[in-house]
Amino acid sequence: MRWTLAGFCGFVLISISVALQIHQKPRFYGLRPSRNVPIYCKSSNQTLDSNVEWHKADRYDTDKKKIEHNERIQFKNQDKIQHAFLYFNELKVEDSGVYFCSINGTYGPGTEVQVVRPIDLTNAQYRTQMKDGLIVLQGLLLAVCIGAYLLRKQKLAKDSDSLYEEPEADHIYEGLAIETCGEGLYEDLTAYAQPEGAEAPWE
């Protein structure tokens, strides 16, 4: 039992040491389409009968899929000791992902490849100006709405105050005068007037 446990631990340590001896260069590519790039894989334990494979994953923590040799993706120098290459011809956006070198079932650390579409600076600047214009227009519309609301509120408050204003009494009889009345409304009192110097009957 003791020898079995020791053998198992030794096997685990050997596997870890082999995995740590697999290197990939570079660890990251950020490129535009139509570029030609290589990925380099090396292991100090690689021998003539080593089985080298390349796998692709969307991310580091997702499932890996074996890559097949084709016109754009080619494998080089896999029959030589310690070296293996993965070549991309005419990169495309769909080539983005993480590529792993596998030697006898042991994976390397991986190389991330990001293929980014080229940016049209004229179109990007036009979109930026359109966005800024819309922001300014929205600000102006908001200011107009707030101003209209405040004016409406001020007008309603002024109308409400005028409903409770008391009329001034001084203007009730304004414009009326005795002489505006027609003649004949009052009797001619000159006939009853006493001459000067005459005594009043009650004196």
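Read the figures in this text as sums done on the coordinates, not as results from a lab. As the structure is a prediction and not an experimental result, all values here were calculated from the model. Because the Cβ atoms are built from the backbone with ideal geometry, glycine has one as well, and the counts that use them run over all protein chains shown.
Bridgeable lysines around residue 66 (alpha carbons under 29 Å apart, same-chain partners fewer than 8 residues away excluded): 25, 42, 56, 76, 80, 92. Rounded to the nearest whole angstrom, the semi-axes of the ellipsoid equivalent to region 98-142, taken from the Cα gyration tensor as √(5λ), stand at 49, 13, 4, largest first. Residue 58 sits among other residues whose Cβ lies under 10 Å from its own Cβ, and their net charge, with Lys and Arg +1 and Asp and Glu -1, is +2.
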